[in-house]
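Asks: Got a structure for you, written out below as structure tokens; questions coming shortly.
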Amino acid sequence: MASVNVKSAEFEGLIEKGGIMLVDFWAEWCGPCRMFGPVYEKVSEEFPEITFAKIDTEAEREIAASAGITSIPTLMAFRDGVLLYREAGALPEPSLRELISSIQAVNMDDIRKQIAEEAAQQSAE
């Protein structure tokens with residue numbers, strides 16, 4: 001599956017639909033973004049089961065602001081609606097593949113348990 005451009009109205013729904021979703025926050029004027037774009041597109045073709053979203057921070061300022069984007073490119077990775085990775089900077093192709101493998105290997109039951117424990121701890125405070 002090639003990457004998809006995401007608009008404000010679609011963003012939350014895509015995250016919540018489950019599975020793995022990578023989000024590339026970029027802008028046309030950004031040199032590192034233009035370098036990372038073809039890498040992101042190429043790798044997206046190799047993983048049709050993963051949603052590869054692209055958000056133009058100039059056109060979708062509301063999403064960028066709500067996501068706290070202060071530097072681009074910024075890559076986020078969600079799995080089953082949970083943010084597992086967030087980092088600014090362009091990744092080389094091997095690193096992007098390694099990130100995807102790491103996200104696929106995460107035990108989401110452990111993550112959900114950890115989130116529940118943290119929420120319970122905050123409620124107790």
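Asks: Tell me the angle of helix 108-124 to the major Cα principal axis of the chain, expressed in degrees between 0 and 90 and rounded to the nearest ten.
Replies: 60
Asks: Within the chain, count lysine pairs with alpha carbon atoms under 17 angstrom apart where the residues are 8 or more positions apart or belong to different chains.
Replies: Step by step, the pairs that qualify in the chain add up to 4.
Asks: Using the Cα atoms as the points, what is the convex hull volume per residue of the range 4-124 in Å³?
Replies: That works out to 112 Å³ per residue.
Asks: Highest mean first, how do 79-91, 55-67, 106-118, 19-31 rank when packing is the count of other Cβ atoms within 10 Å averaged over residues?
Replies: So the order, starting with the most tightly packed, is 19-31, 55-67, 79-91, 106-118.
Asks: Right, next: If the only charges are +1 at each Lys and Arg Cβ and -1 at each Asp and Glu Cβ, what is the size of the charge dipole of the chain around the Cα centre, to the nearest 20 debye?
Replies: Computed about the Cα centre, the dipole is about 140 debye.
No lab work stands behind these numbers, since they all come straight from the coordinates. Nothing here was measured: the structure is a model prediction, and the numbers come from that model. FYI the Cβ positions are ideal-geometry reconstructions off the backbone, even for glycines, and counts take in every protein chain you see.
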